[in-house]
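Q: Sharing a structure here in structure tokens format.
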Amino acid sequence: MSFTRVLIANRGEIAVRIARAAAEAGIESVAVFATDDAGNPHVAAADRAVALSGAGARAYLDIPAIVAAARAEACDALHPGYGFLSENPALARACADAGIVFIGPSPEHLEVFGDKAAARALAAERSAPLIPGTGALDLDAARAFQAEHGAIMLKARAGGGGRGMRAVLDPGELDAAYAACEREALAAFGDGGLYAETLLTHARHIEVQIVGDGIHALAVGDRDCSLQRRNQKLVEIAPAVLPDLARAELWRHAEALCAGYQGLATVEFLLDAETGEAFFLEVNPRLQVEHTVTEEVTGLDLVRLQFDLAAGASLERLGLTAAPPASGVAIQARVNAETLTADGQVKPSSGTISAWSPPGGPGVRIDAAGAVGLVVGGAYDSLLAKVIARGRTATEATARLDRALAEFTIGGVATTAPLVRAILAAAPEAPTTRFIEDHAAVLAAGLPSTSEGDARIFETLDGAIAVAAPLSATVGSIAVAEGDLVRPGQALAVLEAMKMEHLVHAERGGRVLKIAAAPGANVAEGQPLVFLEPVELEGADTVEAAAEDLDAIRPDLAEVIARHRFTLDEARPDAVAKRRKTGHRTARENIDDLVDPGSFLEYGALAIAAQKRRRSTDDLIASTPADGLITGIGTVNGGLFPPDKARTAALAYDFTVLAGTQGAMNHKKSDRLMAVIADQRLPVVWFAEGGGGRPGDTDTTAVAGLDVPTFRSFAQLSGLVPKIAIVAGRCFAGNAAIAGLSEMIIATRDSNLGMGGPAMIAGGGLGVFRPEEIGPSAHQWRNGVIDILADDEAQATRLAKQALSYFQGSLTSWTVPDQRRLRGAIPENRLRVYDVRALIKGLVDEDSFLELRGGFAAGMVTGLIRIEGRPMGLIANDPRHLGGAIDCEGAEKAARFLQLCDAFALPVVSLCDTPGFMVGPASEDAAAVRRVSRQFIAGAKLRSPLFTVVTRKGYGLGAQAMAGGSFHSPAFIAAWPTGEFGGMGLEGAVQLGYRKELEAETDPVKQKALYDQLVARLYAAGKATSMAAALEIDAVIDPADTRRWIMGGLDAAVGMSRPWEVRVDSF
């Protein structure tokens, strides 16, 4: 593919740079310009130009107008430059819809990297090092994060360029900083969402330049951008001063993050200046302002590469199979229309450029869009020019840049050129990001003062008071007219600067004599806006603020409230009535029952189904609220645990919305929440009822939708956070997969759970079945799919809260059953069975035993318990099934449960009463060799403490498996007085070991007597006291003393931890 004409959706120096690259590639260029920007040099730099409607930055943010201009000019490509719309996926999609190639990455990459929280989640997934941080957070969460970590950095989750960022060193600054970041982010990016990271107070800002062809991603260079103020770069250097190993590591992480990326990207890192440790910061999916220094040391034309990659060229075809070596050092200085005050504050400068003479000479490059007569105001970014100097060494490049800045003549506006020269003279070889801020007073003191020749002379009016502009800005509106009387404090004008509005008030009363500035005009700091004749006004001295009505609802808020009302059950009485007929609750009722009152923060409530091509928006709002999935974060069991332990992610598919199916938007919602879950390590409770994938969504480009990350993301949370699925009613296909990926499934008796519903089964030619015939709960309870069976959703929710509590921590109060009853829990007749569940309930805290998978593998009991409020896991043999022998299903049940306890650091109590593993032809036909071995592997790899108590039988390999693989594996192994041990069951040992003796005795009566005598002898040899004396077990204990032993074991094992080890399961 090749391009014939490109529209440049930008202005200033970068538009000039793109036009030049296009000309060299034989591509015709089309510039666009706002009504107040027609004289900018970028207009003349292109082959043709198109006027946009509107003035200021807003004109360059109008996607429909930009795309319309490209289509009108028959452009087959569009280059967004940097800033403005360069990271906006909506522009990329609009280009695709118009048949225009967007010179940049895919909309999907723009969305991921444009959402900083999502980018952090991707970085975590791809093992990039992360500063401790959060996902999207509110002010309370920011306070909690600061309380834990100290100094923090608040950041906008969207956009970049230093906007929406504040360092917060003191807790007293947090509220104001949060509000300022939120406002700034909302104004700059249309998204006020924030997240926080631990602040590295002494860090270097290093970035890696990536080029990708959609298959391969290659790092081609790096830059040091540490010299910045207010998080905006001022001086950039290539290459960064780094050890070779550190550079290789950063490049490796950058390439991994950009796998599958097409175009240019910059991956930014912070390096701790003291330790050298690197942390991922963000990915900018576009051309950077500072791309020039990489071009100078590598010889690459990065803008030309953007065109080639967008046209489908591979890195191999472009000769980029490896990074080109860096030659020399390049340094870029940004020459902005602004100055620095002694306290580090930036003051914008405005005016008309009266002189413009860029420097030249060997090794000097100028990327600029300045000219004599150009008006510089507050409507646009303050960058006037980039001066780049290249040298064989950093010293040579620095001297060359200093000389070039000294030669650069710019009249009419103050610039940062003198400041950069001062920085170059004072900065160390590897400065930190705080260098300019920490040395602002010294740097500012050495700057030349404004000469008289450059001083601005403004209009005056005899006898009048001038109300002047407090900063360089564009006049948005004038609120008074000549002849009006104004009072002190009255608003006179609105100024616009840096995308923010500033009200200008009268400091004293008077009559308006003259309006000195018109709307749309650029004004300098100190320039008069209005002239007032001083007048003493009758009545109140000042304009009093209107009485504040704290209950008043503004129209904008009223609109939001009305929109949210559609998501509530009250707005959908017919849907609620249908749920009542089936005996079920609504999704919102389930969420309300799960989370603590007032704690739920709902994410994505205003989403609707992606079906606008077939249904009206009003219909979708009314009929598909939240796109059938409620997602958010709240607290569960907040009365029992502190907030950091109670915070839980809660999700619920809404069966009243398109049968709870998984649509495009609710996939996006769940994916968003999973990034937050991974970032904050939140437990999950998910009401999974629903019909699986939804084929009816139309507003997507998906063909099969198999690229959704939902299931992989949820699977990656396995073992990281506890996940509980609640299933009621019908749960098929993708919804069932969500349930199956959870650590625990709680299902109601009326539920059906299956990987395919009736339509999928019929479509596969497998027959016609009613929903209730597919995966009924009775079957899924017996086969072990369901962990806990509940009567209804209310009980399922209560059980979910109880189950979650074991992963939330210890309780402060508990009730102990009378432990003396345990002395009689095992019958004196060693052949008589007993109820092991009654034994368990008599041992643990009252009402704390929560059995899991109770309908499956009857011989093995698994569940969660508490002892003195402490959460633990428990496995036990049930002698009522096969005499306690461990069959294949029992071993697998125990193995999976031990993995659960291992993942979440739950200590385990093992109550052993087994004659060993089940044997025989039927058992071997069921793959016993592999399946029972799973219990050995899980026990051997268990990192949390294991406490084994042999209540009666402890025979053979099965007993060893109940003890983690060996009797000396547990933290302790003790036996009750009823304990008996052997390499195999006593009866079998006698029959095998004394076969000849028994066969020699032909009298059946005497043979039976001999058999009983031999069994008794082996029993005496294998009694618990004998085992303890031989040190094969640690103790024989009073059953009533079992809790004391477990508590002592827990206390002794505090802090015990082993690193996770790779395992290969046996089956």
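The values are calculated or read from the model by the stated rules, or taken from the named source; none is laboratory data. Keep in mind that this is a model prediction, so the values were computed, not measured. A quick note on method: Cβ atoms are made from the backbone with ideal geometry, for glycine too, and the neighbour counts reach across all protein chains shown.
Q: Check region 926-939 and report whether any residue there is touching a Leu at 6+ places or on another chain (Cβ under 7 Å), within 24 Å of Ile865 (Cβ to Cβ) and surrounded by 19 or more Cβ atoms within 10 Å (Cβ to Cβ).
A: Going residue by residue through region 926-939, those that are touching a Leu at 6+ places or on another chain (Cβ under 7 Å) are 938-939.
Checking the rest, the ones that are also within 24 Å of Ile865 (Cβ to Cβ) come to 938-939.
Going one step further and asking which of them are surrounded by 19 or more Cβ atoms within 10 Å (Cβ to Cβ), we end up with 938-939.
Within region 926-939 (the criterion being touching a Leu at 6+ places or on another chain (Cβ under 7 Å), within 24 Å of Ile865 (Cβ to Cβ) and surrounded by 19 or more Cβ atoms within 10 Å (Cβ to Cβ)), the answer is yes, since at least one residue qualifies.
Q: Just name the residue that is surrounded by the most Cβ atoms within 10 Å (Cβ to Cβ) out of those in region 234-289 that are polar (S, T, N, Q) and more than 19 Å from Met153 (Cα to Cα). I'd like the intermediate steps shown before the answer.
A: Step one: of region 234-289, the residues polar (S, T, N, Q) are 262, 266, 275, 284, 288.
Now narrow it down to the ones that are more than 19 Å from Met153 (Cα to Cα): 262, 266, 275, 288.
On the way: Gln262: 19, Thr266: 24, Thr275: 9, Gln288: 22.
Out of the qualifying residues, it is Thr266.
Q: Identify all residues within region 882-921 that are in contact with a helix residue (DSSP H, G or I) (Cβ under 8 Å, 6 or more places away or on another chain) and part of a loop (DSSP other than H, G, I, E, B); write none if there are none.
A: Ala885, Asp887, Phe904, Leu906, Pro907, Pro915, Gly916, Met918, Val919
For every residue, the table says whether it meets (1) at pLDDT below 95; (2) over 17 Å from Ile608 (Cα atoms); (3) among the hydrophobic types (A, V, I, L, M, F, W, C); (4) surrounded by fewer than 19 Cβ atoms within 10 Å (Cβ to Cβ).
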{"residue": "Leu640", "(1), (2), (3), (4)": "no, yes, yes, yes"}
{"residue": "Asp644", "(1), (2), (3), (4)": "yes, yes, no, yes"}
{"residue": "Thr648", "(1), (2), (3), (4)": "no, yes, no, no"}
{"residue": "Tyr653", "(1), (2), (3), (4)": "no, no, no, no"}
{"residue": "Ala659", "(1), (2), (3), (4)": "yes, no, yes, no"}
{"residue": "Gly663", "(1), (2), (3), (4)": "yes, no, no, no"}
{"residue": "Met674", "(1), (2), (3), (4)": "yes, yes, yes, no"}
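Q: Next question, about the same structure. So which residues in region 408-431 are touching a Ser or Thr at 6+ places or on another chain (Cβ under 8 Å) and without any contact (Cβ under 8 Å) to a residue 60 or more places away in the chain, if there are any at all?
A: Thr409, Gly411
Listed here are the residues, each with its yes/no results for (1) crowded, with 18+ Cβ neighbours inside 10 Å; (2) part of a helix (DSSP H, G or I); (3) modelled with pLDDT of 80 or more.
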site: Gly954; (1), (2), (3): yes, no, yes
site: Ala961; (1), (2), (3): yes, yes, yes
site: Gln991; (1), (2), (3): no, yes, no
site: Thr1002; (1), (2), (3): no, no, yes
site: Tyr1011; (1), (2), (3): no, yes, yes
site: Ala1016; (1), (2), (3): no, yes, no
site: Met1027; (1), (2), (3): yes, yes, yes
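Q: Name the single residue that is farthest from Ser742 (Cα to Cα) among those in region 702-719 being of a type outside the set (Gly, Ala, Ser) and assigned to a loop (DSSP other than H, G, I, E, B). Talk me through it step by step, then tell me what you get.
A: Taking region 702-719 first, the residues of a type outside the set (Gly, Ala, Ser) are 703, 706-712, 714, 716-717.
Pick out the ones that are also assigned to a loop (DSSP other than H, G, I, E, B) and you get 703, 706-709, 717.
Numbers: Val703: 28, Leu706: 20, Asp707: 21, Val708: 18, Pro709: 16, Leu717: 9 Å.
The extreme case among them is Val703.
Q: Of all residues in region 936-950, which are closer than 25 Å to Leu1018 by Cα and either of a type in the set (D, E, K, R) or touching a Gly at 6+ places or on another chain (Cβ under 7 Å) (or both)?
A: Val950, the sole residue that qualifies.
Q: Only one of these is under 16 Å from Glu268 (Cα atoms), surrounded by fewer than 20 Cβ atoms within 10 Å (Cβ to Cβ), at pLDDT 85 or above and basic (Lys, Arg): Arg71, Arg126, Arg120, Arg143. Name it.
A: From the options Arg71, Arg126, Arg120, Arg143, the qualifying one is Arg126.
Q: I need the full set of residues from region 811-844 which are among the small types (Gly, Ala, Ser) and part of a helix (DSSP H, G or I), in order please. So that I can check it myself, show each step before the final result.
A: Of region 811-844, the ones among the small types (Gly, Ala, Ser) are 813, 824-825, 838, 842.
Residues satisfying the conditions are Gly824, Ala838, Gly842.
Q: Sticking with this one: Select from region 462-483 the residues that are surrounded by 12 or more Cβ atoms within 10 Å (Cβ to Cβ), modelled with pLDDT under 85 and over 23 Å from Val413 (Cα atoms) and list them in ascending order.
A: none
Q: Being more than 34 Å from the chain's Cα centre (by Cα), on the phi < 0 side of the Ramachandran plot and not aliphatic (A, V, I, L, M) is the requirement here; does Gly873 meet it? If you could, list the steps in order and put the result at the bottom.
A: On the way: more than 34 Å from the chain's Cα centre (by Cα): no; on the phi < 0 side of the Ramachandran plot: yes; not aliphatic (A, V, I, L, M): yes.
The answer is no for Gly873.
Q: Assess whether Val530 counts as being within 43 Å of the chain's Cα centre (by Cα) and either β-branched (Val, Ile, Thr) or at pLDDT below 95 (or both). Break it down stepwise before answering.
A: Details: within 43 Å of the chain's Cα centre (by Cα): no; either β-branched (Val, Ile, Thr) or at pLDDT below 95 (or both): yes.
Criteria not met by Val530.
Q: For region 845-854, does any single residue satisfy the condition of being assigned to a helix (DSSP H, G or I), of a type outside the set (Ser, Thr, Tyr) and either in contact (Cβ under 8 Å) with a residue 24 or more places away in the chain or in the same structural domain as Leu799 (by TED's automatic domain parsing) (or both)?
A: Start the filter on region 845-854 by keeping residues that are assigned to a helix (DSSP H, G or I), which leaves none.
No - not one qualifying residue is present in region 845-854.
Q: What strands (runs of 3 or more DSSP E), lying completely within region 349-455, carry at least 1 residues that are surrounded by fewer than 19 Cβ atoms within 10 Å (Cβ to Cβ), of a type outside the set (D, E, K, R) and not assigned by TED's automatic domain parsing to the domain that holds Tyr60?
A: Details: elements: 355-357, 364-368, 383-391, 409-411.
Of the strands (runs of 3 or more DSSP E) lying wholly inside region 349-455, those with at least 1 residues that are surrounded by fewer than 19 Cβ atoms within 10 Å (Cβ to Cβ), of a type outside the set (D, E, K, R) and not assigned by TED's automatic domain parsing to the domain that holds Tyr60 span 355-357, 364-368, 409-411.
Q: Considering Arg390, Arg434, which residue is touching a helix residue (DSSP H, G or I) at 6+ places or on another chain (Cβ under 9 Å) and either in contact (Cβ under 8 Å) with a residue 24 or more places away in the chain or farther than 25 Å from Ser327 by Cβ (or both)? Before you say what the answer is, go through the steps one by one.
A: Numbers: Arg434 fails: touching a helix residue (DSSP H, G or I) at 6+ places or on another chain (Cβ under 9 Å).
Arg390 is the lone residue from the list that is touching a helix residue (DSSP H, G or I) at 6+ places or on another chain (Cβ under 9 Å) and either in contact (Cβ under 8 Å) with a residue 24 or more places away in the chain or farther than 25 Å from Ser327 by Cβ (or both).
Q: If you don't mind, there's one more thing I want to ask. Does any residue in region 1-27 that is touching a residue at least 60 places away in the same chain (Cβ under 8 Å) and under 16 Å from Phe102 (Cα atoms) come within less than 9 Å, Cβ to Cβ, of a residue that is of a type in the set (Ser, Thr, Tyr) and in a loop (DSSP other than H, G, I, E, B) six or more places away or on a different chain, and which pairs are these?
A: Ala9/Ser86; Asn10/Tyr82; Asn10/Ser86; Ile27/Ser2; Ile27/Thr4
Q: Is there any pair linking a residue in region 640-653 that is touching a residue at least 60 places away in the same chain (Cβ under 8 Å) to one that is of a type in the set (D, E, K, R) and not in a strand (DSSP E or B), with Cβ under 7 Å and at least six apart or on different chains, and which?
A: Taking only residues 6 or more apart or on different chains, the pairs are Tyr653/Glu689.
Q: Please specify each residue of region 356-381 satisfying the condition of being without any contact (Cβ under 8 Å) to a residue 60 or more places away in the chain and farther than 22 Å from Gln332 by Cα.
A: At the first step, the residues of region 356-381 found to be without any contact (Cβ under 8 Å) to a residue 60 or more places away in the chain are 356-364, 366, 372.
Once the filter is applied, which keeps residues that are without any contact (Cβ under 8 Å) to a residue 60 or more places away in the chain and farther than 22 Å from Gln332 by Cα, region 356-381 yields only Val372.
Q: Would you tally the residues in region 675-704 being of a type outside the set (S, T, N, Q), touching a residue at least 60 places away in the same chain (Cβ under 8 Å) and closer than 16 Å to Pro722 by Cα?
A: Within region 675-704, residues that are of a type outside the set (S, T, N, Q), touching a residue at least 60 places away in the same chain (Cβ under 8 Å) and closer than 16 Å to Pro722 by Cα number 7.
Q: Which members of region 855-871 meet the condition of being aliphatic (A, V, I, L, M) and either free of Cβ contacts under 8 Å to residues at least 60 places away in the same chain or in a helix (DSSP H, G or I) (or both)?
A: Within region 855-871, the subset aliphatic (A, V, I, L, M) is 857-858, 860-861, 864-865, 867.
Listed by number, the residues that qualify are Ala858, Met860, Val861, Ile865.
Q: Tell me the residue from Arg880, Arg837, Arg866 that is out of contact with any strand residue (DSSP E or B) (no Cβ under 8 Å at 6 or more places or on another chain) and either surrounded by fewer than 23 Cβ atoms within 10 Å (Cβ to Cβ) or within 24 Å of Ser777 (Cβ to Cβ) (or both), please. Let's see the steps before the verdict.
A: Numbers: Arg837 fails: out of contact with any strand residue (DSSP E or B) (no Cβ under 8 Å at 6 or more places or on another chain); Arg866 fails: out of contact with any strand residue (DSSP E or B) (no Cβ under 8 Å at 6 or more places or on another chain).
Going through Arg880, Arg837, Arg866 in turn, the sole match is Arg880.
Q: In the same structural domain as Arg830 (by TED's automatic domain parsing), without any contact (Cβ under 8 Å) to a residue 40 or more places away in the chain and part of a loop (DSSP other than H, G, I, E, B): does that describe Ser966? I'd like the intermediate steps shown before the answer.
A: Values: in the same structural domain as Arg830 (by TED's automatic domain parsing): yes; without any contact (Cβ under 8 Å) to a residue 40 or more places away in the chain: yes; part of a loop (DSSP other than H, G, I, E, B): yes.
Yes: the conditions hold for Ser966.
Q: Within region 629-677, restricting attention to residues that are part of a strand (DSSP E or B), among the hydroxyl-bearing types (Ser, Thr, Tyr) and within 17 Å of the chain's Cα centre (by Cα), which residue is nearest to Val595 (Cα to Cα)?
A: That would be Thr648.
Q: Run down Asp618, Asp596 and say which single residue is of a type in the set (Asp, Glu) and modelled with pLDDT of 95 or more. Step through it out loud before you land on a result.
A: On the way: Asp618 fails: modelled with pLDDT of 95 or more.
On inspection, the qualifying residue turns out to be Asp596.
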